[in-house]
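In what follows, a single structure is set out as C-alpha cells and then discussed.
The values are calculated or read from the model by the stated rules, or taken from the named source; none is laboratory data. Because the structure is a prediction, the values reported are computed rather than measured. Heads up, the Cβs are rebuilt from the backbone with ideal geometry, glycines too, and the neighbour counts pull from every protein chain shown.
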C-alpha cells in the first residue's frame with residue numbers, strides 16, 4: 001500500500017512539474033461585444049501558431065499552454081481580464097486589437113513585469129512611450145496605413161484633392177488620419193475639407209451636406225474615412241444613400257467581410273492592410289490562410305488575423321536565443337531586430353517603437369461588395385512628430 005501511495009505521489013509530482021514547465025500564453029481579448037469581430041480571428045491565428053509550435057516540440061522544448069479571459073469589449077473588464085491571465089501565470093499577455101481598449105489589460109501585464117502584445121493596435125502608444133517598455137503591437141502604425149492610402153491616391157488614382165472624415169472616438173482613427181494628412185500634403189495633395197463625428201452618432205447629415213457641397217463645387221475627388229465598425233459602416237451607408245459616390249479610402253478598422261452586407265453593393269472603396277484575405281501577393285500569407293481554413297473551416301474575415309502570427313515567430317526566436325521567457329531579456333533581444341524575416345515580411349523593433357512604422361502595405365479594393373488586391377505601397381519612415389501626433 002505504501003508503495004502504491006508513493007508511486008501515485010511520484011506521478012502527481014511529475015505531472016505538476018511537467019505542467020510547471022509549460023509556457024503560458026494568456027489571452028485578454030474580446031470574446032463578446034462589438035470588438036469580437038476584430039479579436040476573434042487574431043486569437044484563432046495565434047492558437048494555430050501555438051498548435052503548430054507544440055507539434056514541433058514547443059519553444060525550448062516546453063509546450064505552450066493557453067489561458068483566456070473575456071474583456072467583453074469593455075475597458076474596465078479589460079483590466080480584470082489582464083489581471084486574470086497574469087494570475088494564471090502568463091508569460092505573454094495577448095490583448096485586444098485597439099490601443100484604447102487593449103491598454104487596460106496591457107497595463108496589468110506591465111505592472112506584473114510581463115510582456116503584452118496587442119493583436120493589431122495601430123497606435124504607437126501601445127509600446128514604451130505609452131503602456132510601457134514591455135508592451136508591443138503585432139501590427140503596423142495607423143499612420144502607415146494613412147500614408148499608404150495617400151500614396152495610392154496620388155500615384156495610382158491621380159487624385160490631388162481629398163476630404164478627411166474623422167471618427168475621433170479612439171486614438172487609432174486619429175493616427176490613421178494623421179498619417180494621411182502628412183503624406184498627402186507632403187506629396188502635393190490638397191485637403192479641401194475636414195469633419196469629425198463619433199462612432200455612436202446615429203446621423204452624420206450635417207457632415208454629408210458639407211461634403212456634398214464640396215463635391216458639387218468640383219473640388220473633391222476622394223474621402224479619407226478614419227473609423228471602425230459599427231459607426232464606420234453607418235457613415236458609409238449614409239454617404240452612399242446621399243448620392244456621394246466618390247472613392248472612399250480607409251484603414252484596417254474597416255477591413256473585412258463581416259460588415260459588408262450592411263452596405264449592399266459597395267463600390268469604389270479602398271483599404272490599406274498588412275495582409276489581404278482576398279488573395280495576397282505573397283505565397284507565405286496565402287499559406288497561412290490555407291492553414292487557417294484547414295483548422296477552422298473558413299478563411300479569416302479580415303486582416304487582423306495575420307500580424308500576431310509574425311509577432312509570435314519573432315518572440316519564439318528571441319526566447320530561444322536568450323534561453324528564457326523572462327520579459328526583460330526577451331524584450332532586449334526583440335529590440336535588436338532590424339528587418340527580421342517573418343511570414344508577413346520583414347519586421348523591426350527599437351527601444352522607442354514596439355510596432356511597425358515602415359513596411360509595404362497592400363491596398364484592397366471593394367467593388368460590388370467583392371474584394372481584390374489592386375496595389376502595394378511601400379511606406380517610408382514616418383517622422384516622430386507624426387507618429388505621436390505632436391503637431392496641432
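A few notes on this one:
- Filter pass, residue 225 being assigned to a strand (DSSP E or B) and either in the same structural domain as residue 167 (by TED's automatic domain parsing) or touching a residue at least 12 places away in the same chain (Cβ under 8 Å) (or both): yes
- Residue list for segment 320-347, filter: in a helix (DSSP H, G or I), touching a residue at least 60 places away in the same chain (Cβ under 8 Å) and in contact with a helix residue (DSSP H, G or I) (Cβ under 6 Å, 6 or more places away or on another chain): 330, 334
- Where a residue in segment 130-153 is on the phi > 0 side of the Ramachandran plot and its partner, wherever it lies, is surrounded by fewer than 24 Cβ atoms within 10 Å (Cβ to Cβ) and outside any loop (DSSP other than H, G, I, E, B), with Cβ under 7 Å and at least six apart: 132/110
- Of all the criteria given as (1) in contact (Cβ under 8 Å) with a residue 12 or more places away in the chain; (2) outside the structural domain of residue 186 (by TED's automatic domain parsing), the one not satisfied by residue 379 is (2).
- Subset of segment 151-185 [assigned to a loop (DSSP other than H, G, I, E, B), surrounded by fewer than 21 Cβ atoms within 10 Å (Cβ to Cβ) and either touching a helix residue (DSSP H, G or I) at 6+ places or on another chain (Cβ under 9 Å) or at pLDDT below 95 (or both)]: 159, 160, 168, 169
Conditions (1) surrounded by fewer than 21 Cβ atoms within 10 Å (Cβ to Cβ); (2) at pLDDT 95 or above; (3) within 26 Å of residue 51 (Cα to Cα); (4) in the same structural domain as residue 371 (by TED's automatic domain parsing), marked per residue:
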| position | (1), (2), (3), (4) |
| --- | --- |
| 244 | yes, yes, no, yes |
| 252 | no, no, no, yes |
| 260 | yes, no, no, yes |
| 291 | yes, yes, yes, no |
| 298 | yes, yes, yes, no |
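- Meets criteria (farther than 19 Å from residue 44 by Cβ and buried (at least 20 other Cβ atoms within 10 Å of the Cβ)) for residue 125: yes
- Verdict on residue 100 being closer than 25 Å to residue 381 by Cα and modelled with pLDDT under 95: yes
- Residue, surrounded by the fewest Cβ atoms within 10 Å (Cβ to Cβ), within segment 197-210, restricted to residues that are touching a strand residue (DSSP E or B) at 6+ places or on another chain (Cβ under 8 Å) and within 20 Å of residue 98 (Cα to Cα): 198
- Residue match in segment 54-61 (condition: in contact with a strand residue (DSSP E or B) (Cβ under 9 Å, 6 or more places away or on another chain), surrounded by fewer than 17 Cβ atoms within 10 Å (Cβ to Cβ), outside any loop (DSSP other than H, G, I, E, B) and assigned by TED's automatic domain parsing to the domain that holds residue 126): yes
- Residue check for residue 188: closer than 30 Å to residue 36 by Cβ and modelled with pLDDT of 95 or more: no
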